[in-house]
Every structure is written in structure tokens, then in C-alpha cells.
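A short write-up of the structure that comes next.
The values are calculated or read from the model by the stated rules, or taken from the named source; none is laboratory data. If you're wondering where the values come from, they're calculated on a predicted model, not measured in any experiment. Note that we place each Cβ from the backbone using ideal geometry, even for glycine, and neighbour counts take in every protein chain shown. Protein only, heavy atoms only, side chains kept; ligands, DNA and RNA dropped before computing areas. Shrake-Rupley method; radii C 1.70, N 1.55, O 1.52, S 1.80 Å.
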Amino acid sequence: MKEELIEKITVTIGQSMHERHLLENLDNLNGFKFKKPQLQLDVLDSILHISDQDGANFVMLPEFFLPRRYLFSHIKERAIRYGSIIMGGLEYGIDKYPSPTGNLRLRNEAFIVIPDNLYHNNKSLSGNATVITIPKLNPAPEEEKNLEHHGYDFVSGNRIYMFKSNKFGNFAILICFDFLNLPVQAILQSQIQTLFVLTYNKDVSGFISIADTMQRMLLCNVIICNTGYYGGSAAFTPLRDRNKRQVLQISGNEIQAAVSVRLPINEVWQVQTTGESNIGSSKYMQRPPDFGRLVRTFI
């Protein structure tokens, strides 16, 4: 895998902002569906314009970004057209089985679309792509209260996904509150080179601090894509030099931005595997004690 991994991946972080607070854009009488779904496509296309200019391998969108009606049509077509992996949050999905109380149950999921032309460096108007949905494991406390207030129950997820690529490295996607899940963090340690976190989060400074901690504990790249309403998207890589370790932070609220960052992959894998890169161990953080041992005991 070492010889095939590229030196750096390019990730476009699409910190999108709704015209108003998110809940004002959603119909709480209809499972919190977008009232004006077309607006999300307009924002998406502006983000993809930037990602295309920057040659992005990955495009990140925040939690609750995409109307579900567009997942297998518009979003899939765009992933093929631009030759990039696109990920983001979906609007709530209504579970087909109601809860014992009779309430509708809602799923909070992310999506990832991986086009077949990803490794071929050719863009196409035709082709195919793999679409996968990723469940949120647990609701944030405020999220759960809001759903209960409107007569809905939350469907908790029961699985996480890790994706393996001989070129772009291994990566995982977490949705907001799942970023705080300690068992999940333990499972991911030594298994991935990049962690993508999709959020709709008010605790901007808290999540950025956690991202800085996680790049040390997991010894990997950590990227947060938050909504522009609250701001606070960020990217970290496990370098010793703090000025280089925090690759990006977007501060301030009501900011819509699409910014591309380049993050090391091959060297991160080398440090995870051997404890040092081909240019010396002093450039990167040290591996934490018992790095990856918990995962090996599971295997």
C-alpha cells in the first residue's frame, strides 16, 4: 500500500449556509423535509465549482445538507461528472416502522458517493457511482429534545463504516455527536489516515478542541465541516509544528465558504505503521501508548 498511496489528498470543505436558521427551512409537519430543496442544489454547485478548480479528491458538506430526493439522481451525477468523492448529511429519513408509541421515527444519516472514474483522472457525463448511507449512532441531546417536541422518535444507528483506498488512504465518516463516542474512537485508532466529521453544531470551539485532541490520539487527519450558520469548520494533521498542524479554521457565524486543503496521506501511514516517516519522526506526533492494540485484540 505504501508505494501506491499519494503524498497528499485535496479536500474541499463546503461550509454552506441556509438563508435562515436550518429549522426555518424544514417542514416539521413532514419529517423535517426541506421546504425549498432546489436551493441546496444551487449551493452544492457553487461548492463543486471551487472543488473542480482545486482538483479536489473529496468534497465535504455539513450535516442535514442534502434533500433525499437528490441522492440517487443529482448528487450521483455530479460525483461522476467531477470525478470526486462527495459526502454530506441527508435530511431526516422517515422509518417505515413507527415506534411503539405510534410516533414516526426519523433517521439521521450521512451519504458518500464514490464514482467509478475516481482513479482514472477523467471526467465524464456518464458512468456509475456507489452510493452508501451512514447512520448516526446517537442523537445529540438538543436534537432528541427537538424531535420529541414535534412528536418524532430518533432511530439510533448500530454500525460504523471504514473505507479503504490504496491511493487515498483509509478513512471514516462520523456525524456530529458520534465524534464524542469513545468506543468508536478506539476502534478507528491505527485503522484510518483521515477522519471526516459532518456537523450541524453550536459548540464550535469545543469540537475544534476535540479535533486537535483526536489528531493526536488517532494520529490521523481530522476534518470538520460545519454549517455556515454557526461556522467553525476546521482541519488538522498530526504535525508537531502547531502552525502547520492546524491547516484550517473558519471562524465566525453566518459565513458561507468553500475552501480546499491538502493533507498528507503517505507520511501519516508511515508514522502510524513504523513510528517515523521517511523524513524522520520529529516532523510528526509520536504514536500514543498501545497505539492500535485494542483493535488488534478485536481482530
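A few remarks follow.
- For the range 139-156, a residue qualifies if it is part of a loop (DSSP other than H, G, I, E, B) and farther than 13 Å from Y92 by Cα, and the qualifying residues are A140, H150, G151.
- Single match in G206, G228 (criterion: assigned to a loop (DSSP other than H, G, I, E, B) and closer than 30 Å to E24 by Cα): G228
- Any hit, the range 81-99, residues being open to solvent by less than 70 Å² (accessible area, probe 1.4 Å), assigned to a helix (DSSP H, G or I) and farther than 24 Å from N201 by Cα: yes
- Residue within the range 28-48 that is hydrophobic (A, V, I, L, M, F, W, C), modelled with pLDDT of 95 or more and open to solvent by 10 Å² or more (accessible area, probe 1.4 Å) present: no
- Matching residues in the range 185-216 - criterion: being among the aliphatic types (A, V, I, L, M), touching a Cys at 6+ places or on another chain (Cβ under 7 Å) and touching a residue at least 60 places away in the same chain (Cβ under 8 Å): L198
- You will find that of R287, R240, the residue that is of a type in the set (D, E, K, R) and either without any contact (Cβ under 8 Å) to a residue 60 or more places away in the chain or open to solvent by less than 20 Å² (accessible area, probe 1.4 Å) (or both) is R240 and no other.
- Residue that is modelled with the lowest pLDDT [pool: residues in the range 255-299 that are among the hydroxyl-bearing types (S, T, Y) and over 30 Å from K202 (Cβ atoms)]: T297
- With respect to the conditions (1) open to solvent by 60 Å² or more (accessible area, probe 1.4 Å); (2) in contact with a strand residue (DSSP E or B) (Cβ under 9 Å, 6 or more places away or on another chain), E24 lacks only one, and its number is (2).
- Within the range 116-144, being farther than 21 Å from L174 by Cα, modelled with pLDDT of 85 or more, of a type outside the set (S, T, N, Q) and open to solvent by 40 Å² or more (accessible area, probe 1.4 Å) holds for D116, G127.
- Which listed residue, of S260, S205, is loosely packed, with under 15 Cβ neighbours inside 10 Å and not aliphatic (A, V, I, L, M): S205
Per-residue answers, yes or no, for (1) part of a helix (DSSP H, G or I); (2) in contact with a helix residue (DSSP H, G or I) (Cβ under 8 Å, 6 or more places away or on another chain); (3) at pLDDT below 95; (4) open to solvent by 10 Å² or more (accessible area, probe 1.4 Å):
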{"site": "R159", "(1), (2), (3), (4)": "no, no, yes, yes"}
{"site": "G169", "(1), (2), (3), (4)": "no, yes, no, no"}
{"site": "A172", "(1), (2), (3), (4)": "no, yes, no, no"}
{"site": "F179", "(1), (2), (3), (4)": "yes, yes, no, no"}
{"site": "P183", "(1), (2), (3), (4)": "yes, no, yes, yes"}
{"site": "I192", "(1), (2), (3), (4)": "no, no, no, no"}
{"site": "L195", "(1), (2), (3), (4)": "no, yes, no, no"}
{"site": "N201", "(1), (2), (3), (4)": "no, yes, yes, yes"}
